[in-house]
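Quick notes on the structure that follows.
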Amino acid sequence: MTLEQYTPERFDRLTLRLFDLASELREIANGARQAGIGTLPVHDKKALLWIDNLEQWTRKTRINFEILQRKQ
């Protein structure tokens, strides 16, 4: 695994990408609700795994940030 250096701007870009995805999923949910579509078949195993990994990565990043912040 490669250790990448993140600036605050890079965190912001990542965050905006995640917000865009969340917004798109909300649009799908609202559209399905309005159209009366009760269920939509999707393959979600990988997406849920990626989200779990992203949550773990975020927690580790927070810990590393807090350690670095205390050293400052």
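The values are calculated or read from the model by the stated rules, or taken from the named source; none is laboratory data. Keep in mind the model is a prediction, meaning the values are calculated, not measured. FYI the Cβ positions are ideal-geometry reconstructions off the backbone, even for glycines, and counts take in every protein chain you see.
Observations on the structure shown:
- So residue 37, is it out of contact with any strand residue (DSSP E or B) (no Cβ under 9 Å at 6 or more places or on another chain), in a helix (DSSP H, G or I) and not hydroxyl-bearing (Ser, Thr, Tyr): no
- Residues within segment 41-72 that are of a type in the set (A, V, I, L, M) and either modelled with pLDDT under 95 or within 18 Å of the chain's Cα centre (by Cα) (or both), tallied: 6
- Residue match in segment 31-41 (condition: closer than 30 Å to residue 3 by Cβ and out of contact with any Ser or Thr (no Cβ under 7 Å at 6 or more places or on another chain)): no
- In the set 64, 30, 53, only one residue is among the polar types (S, T, N, Q), surrounded by 10 or more Cβ atoms within 10 Å (Cβ to Cβ) and in the same structural domain as residue 12 (by TED's automatic domain parsing); that residue is 30.
- Annotation note: Cβ proximity below 9 Å between a residue of segment 48-72 that is at negative phi and a residue that is assigned to a helix (DSSP H, G or I) and surrounded by 10 or more Cβ atoms within 10 Å (Cβ to Cβ) (sequence gap 6+ or interchain) occurs for 54/18; 61/11.
- Per this entry, residue 7 is not counted among residues that are within 18 Å of residue 62 (Cβ to Cβ), outside the structural domain of residue 68 (by TED's automatic domain parsing) and surrounded by 10 or more Cβ atoms within 10 Å (Cβ to Cβ).
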